[in-house]
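The values are calculated or read from the model by the stated rules, or taken from the named source; none is laboratory data. A quick note: this is a predicted structure, and the numbers were derived from the prediction, not measured. Here the Cβ positions follow ideal geometry from the backbone for every residue, glycine too, while neighbour counts run over all protein chains shown.
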Amino acid sequence: MGMANKLRLSSSLSRILHRRILYSSVRSFTTSEGHRPTIVHKQGLDILHDPWFNKGTAFTMTERNRLDLRGLLPPNVMDSEQQIQRFMTDLKRLEEQARDGPSDPNALAKWRILNRLHDRNETMYYKVLINNIEEYAPIVYTPTVGLVCQNYSGLFRRPRGMYFSAEDRGEMMSMVYNWPAEQVDMIVVTDGSRILGLGDLGVHGIGIAVGKLDLYVAAAGINPQRVLPVMIDVGTNNEKLLKDPMYLGLQQRRLEDDEYIAIIDEFMEAVYTRWPHVIVQFEDFQSKWAFKLLQRYRYTNRMFNDDVQGTAGVAIAGLLGAVRAQGRPMIDFPKMKIVVAGAGSAGIGVLNAARKTMARMLGNTETAFDSAQSQFWVVDAQGLITEGRENIDPEAQPFARKTKEMDRQGLKEGATLAEVVREVKPDVLLGLSAVGGLFSKEVLEAMKGSTSTRPAIFAMSNPTKNAECTPQDAFSILGENMIFASGSPFKNVEFGNGQVGHCNQGNNMYLFPGIGLGTLLSGAPIVSDGMLQAAAECLAAYMSEEEVLQGIIYPPISRIRDITKRIAAAVITEAIEEDLVGGYREMDARELQKLNEEELMEYVENNMWNPEYPTLVYKDD
């Protein structure tokens with residue numbers, strides 16, 4: 001650390017000590033009944049305004065007397081289940097009132113209601129979210145979070161997380177100590193440059209980080225007092241935001257090149273100085289930075305990029321599921337022909353991961369990599385990517401088709417998506433383009449020529465309006481025997497004969513919580529390719545044979561806690577095999593390595609936070 005940073009860090013110590021008084025560490029002791037009351041240094045309205053300790057009407061009369069709450073709450077004492085029932089009744093009533101209105105305002109209204117609950121009672125908020133995860137995951141995250149980010153300036157009420165900006169250069173090392181938590185396990189950070197498929201939303205992108213961490217808490221049981229959403233504001237190139245007087249971020253053009261890298265470097269140094277073991281998840285960075293930053297930090301820090309690696313893992317799990325749905329073993333995956341629409345960070349991330357998976361199944365030789373690479377045809381806005389094209393993105397270059405292959409396949413330079421599908425006859429059409437409706441009737445008709453007994457359509461772009469096609473479009477043209485997956489939630493398609501076309505949502509939520517939890521509990525210093533691969537294969541194997549043969553390749557979100565537990569265990573197992581484990585808390589690396597499968601699952605489950613009210617006891621400083 002440089003002398004200037006040391007001086008700044010030293011100058012902030014008085015402020016840190018002051019904050020430690022305000023955010024006094026919580027101490028517990030065991031009572032004769034075996035419970036562990038929590039000692040708090042707040043009373044009255046202060047505790048009601050603290051979402052971590054507030055219980056609302058669930059405070060017992062004894063606690064109300066003890067904490068000077070009598071008269072500040074209605075007299076009726078309710079338990080947490082009654083509170084949830086009252087909240088759900090009120091929410092359903094509001095939903096019924098809005099039923100006849102447009103869907104987006106209805107979803108936004110739900111988000112507002114949940115956000116207000118989060119503000120006043122964090123424990124109850126997560127209890128509601130966990131108990132109703134299938135219904136409310138699309139509200140706290142995609143697709144509704146996209147609408148939230150687009151309207152964030154108007155929705156902003158109470159700040160969450162931290163904001164590091166281009167104006168904070170040289171100050172981040174001291175700024176990071178403004179966050180009250182002494183320990184942070186997970187950070188989700190974005191620069192707002194590519195929010196879902198909505199583009200540059202600048203500082204509004206903080207909504208993405210908040211939503212992702214809500215899912216970490218709900219799905220992985222990461223302690224909500226140990227998570228930190230972060231927005232790195234380096235400006236915006238969104239003309240509307242640059243002219244909007246209500247915009248909350250820096251109204252300047254985005255920094256580029258070395259200036260941009262310097263900001264990210266300073267942020268990374270600051271957070272890893274204060275929290276050396278934190279896991280940082282990069283989220284929604286535009287593709288030109290996503291790969292560079294991933295390569296810059298992944299071998300020295302506990303970090304990963306969910307758009308590049310998480311999306312890839314979920315897609316791989318779905319592709320392996322599609323192989324199983326055809327009644328074949330997953331080892332047949334290298335035989336699949338895949339046309340990919342989209343060559344951004346998500347598209348290239350999936351391509352790289354799929355190629356590695358195929359190559360590993362073929363023996364990980366140079367010939368295996370070449371063979372795997374030949375199974376992909378990549379199409380972007382300019383058509384099929386070929387070696388004759390000028391200025392090819394270096395990340396896409398390995399997948400450019402050779403001229404002699406083009407001639408053999410009857411394809412011309414710049415062939416359209418429909419032409420490529422028609423000639424290649426792929427097993428899978430994979431969309432990661434962020435272009436709504438890209439899989440037109442012509443493209444879907446071309447998929448009828450697939451040589452697969454059960455062709456698959458993966459319309460993976462988010463939010464819903466950016467999906468390459470709807471399941472109704474796909475099933476109506478390709479019939480009920482096809483496999484369909486999407487990035488956003490869709491309802492299943494009912495056929496007249498009683499059959500169901502299953503709409504599998506390839507949600508990143510299946511993987512990133514388990515990857516984060518497994519990395520945390522393993523103590524691994526990095527997130528390796530093998531750990532990511534283990535997570536994807538665990539998800540692919542989660543479904544029963546009966547389910548995959550029905551066309552169900554992803555499990556229901558309602559099982560997310562169990563899925564996450566198993567994926568975390570798979571990640572830890574892989575870390576052990578790669579000799580990467582460092583242990584976690586009282587479980588050192590040697591003890592972790594001795595655990596059998598059942599003990600490992602128990603270890604993971606025991607370290608997943610659950611939203612339960614602690615008993616509170618006041619103690620005057």
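Residues checked against (1) modelled with pLDDT of 95 or more; (2) under 30 Å from V148 (Cβ atoms):
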site	(1), (2)
S461	no, yes
G514	yes, yes
A540	no, no
S558	no, yes
Original post:
If you go through the stretch 542-572, how many residues are out of contact with any Gly (no Cβ under 9 Å at 6 or more places or on another chain) and of a type in the set (K, R)?
Top reply: 1
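Residues checked against (1) within 20 Å of A346 (Cα to Cα); (2) surrounded by 16 or more Cβ atoms within 10 Å (Cβ to Cβ); (3) modelled with pLDDT of 85 or more:
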| site | (1), (2), (3) |
| --- | --- |
| L384 | yes, yes, yes |
| A396 | yes, yes, yes |
| V420 | no, yes, yes |
| A434 | yes, yes, yes |
| G437 | yes, no, yes |
| K441 | no, no, yes |
Original post:
In the stretch 50-91, what residues are at pLDDT below 75 and either in a helix (DSSP H, G or I) or touching a Pro at 6+ places or on another chain (Cβ under 9 Å) (or both)?
Top reply: R86, T89, D90, L91
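Residue-by-condition table, conditions (1) in the same structural domain as D427 (by TED's automatic domain parsing); (2) buried (at least 22 other Cβ atoms within 10 Å of the Cβ); (3) touching a residue at least 40 places away in the same chain (Cβ under 8 Å); (4) in contact with a His (Cβ under 8 Å, 6 or more places away or on another chain):
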| site | (1), (2), (3), (4) |
| --- | --- |
| V323 | yes, yes, no, no |
| G327 | yes, no, yes, no |
| V339 | yes, yes, yes, no |
| K356 | yes, no, yes, no |
| L362 | yes, no, no, no |
| T367 | yes, no, no, no |
| G388 | yes, no, no, no |
| I392 | yes, no, no, no |
| A400 | yes, no, no, no |
**OP:** Please report, ordered by residue number, the helices (runs of 4 or more DSSP H) entirely within the stretch 239-340 with at least 3 residues that are among the aliphatic types (A, V, I, L, M) and out of contact with any Ser or Thr (no Cβ under 8 Å at 6 or more places or on another chain).
**Re:** 257-274, 311-325
Original post:
Is it true that some residue in the stretch 192-202 is assigned to a helix (DSSP H, G or I), assigned by TED's automatic domain parsing to the domain that holds F267 and modelled with pLDDT of 90 or more?
Top reply: yes
Original post:
Could you count how many residues in the stretch 220-238 are β-branched (V, I, T) and either part of a strand (DSSP E or B) or surrounded by fewer than 21 Cβ atoms within 10 Å (Cβ to Cβ) (or both)?
Top reply: 3
**OP:** Return yes when E480 is closer than 17 Å to V339 by Cβ, acidic (D, E) and touching a Gly at 6+ places or on another chain (Cβ under 7 Å) and no when it is not.
**Re:** no
**OP:** Test K212 against the stated conditions and say whether it is touching a strand residue (DSSP E or B) at 6+ places or on another chain (Cβ under 9 Å), assigned to a helix (DSSP H, G or I), closer than 25 Å to S488 by Cβ and basic (K, R).
**Re:** yes
Original post:
So which of E605, E546 is more than 26 Å from N305 (Cβ to Cβ), in contact with a helix residue (DSSP H, G or I) (Cβ under 9 Å, 6 or more places away or on another chain) and in a helix (DSSP H, G or I)?
Top reply: E605
Original post:
Which number in (1) within 30 Å of H502 (Cα to Cα); (2) in a helix (DSSP H, G or I); (3) aromatic (F, W, Y) marks the one condition that Y554 misses?
Top reply: (2)
Original post:
Looking at the stretch 144-155, is at least one residue more than 20 Å from the chain's Cα centre (by Cα) and hydrophobic (A, V, I, L, M, F, W, C)?
Top reply: yes
Original post:
Can you name every residue in the stretch 377-415 that is more than 32 Å from the chain's Cα centre (by Cα) and assigned to a loop (DSSP other than H, G, I, E, B)?
Top reply: E387, G388, R389, E390, K402, G410, L411, K412, E413, G414, A415
Original post:
When the stretch 570-613 is examined, which residues are found to be more than 30 Å from F53 (Cβ to Cβ), surrounded by fewer than 18 Cβ atoms within 10 Å (Cβ to Cβ) and among the polar types (S, T, N, Q)?
Top reply: Q593, N596
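Residues checked against (1) in the same structural domain as I187 (by TED's automatic domain parsing); (2) without any contact (Cβ under 8 Å) to a residue 24 or more places away in the chain; (3) within 17 Å of the chain's Cα centre (by Cα):
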{"position": "Q225", "(1), (2), (3)": "yes, no, no"}
{"position": "P229", "(1), (2), (3)": "yes, no, yes"}
{"position": "D233", "(1), (2), (3)": "yes, no, no"}
{"position": "L242", "(1), (2), (3)": "yes, yes, no"}
{"position": "G249", "(1), (2), (3)": "yes, no, no"}
{"position": "R253", "(1), (2), (3)": "yes, yes, no"}
{"position": "Y260", "(1), (2), (3)": "yes, no, no"}
{"position": "E266", "(1), (2), (3)": "yes, no, no"}
**OP:** Specify the residue that is nearest to the chain's Cα centre (by Cα); the eligible residues are those in the stretch 349-366 that are in a helix (DSSP H, G or I) and at pLDDT below 90.
**Re:** G349
Original post:
Under the condition of being surrounded by 22 or more Cβ atoms within 10 Å (Cβ to Cβ) and under 18 Å from the mean Cα position of the chain (by Cα), which residue from the stretch 541-564 is nearest to L319 (Cα to Cα)?
Top reply: Y554
Subject >> Evaluation of D191 against (1) of a type outside the set (K, R); (2) crowded, with 24+ Cβ neighbours inside 10 Å; (3) closer than 30 Å to P556 by Cβ (one fails), failing number >> reply: (3)
Original post:
Taking the stretch 576-595 as the region of interest, how many residues are among the basic types (K, R) and either assigned to a loop (DSSP other than H, G, I, E, B) or within 27 Å of the chain's Cα centre (by Cα) (or both)?
Top reply: 1
**OP:** Check whether at least one residue in the stretch 162-176 is surrounded by fewer than 24 Cβ atoms within 10 Å (Cβ to Cβ), among the polar types (S, T, N, Q) and over 28 Å from S287 (Cα atoms), and report yes or no.
**Re:** yes
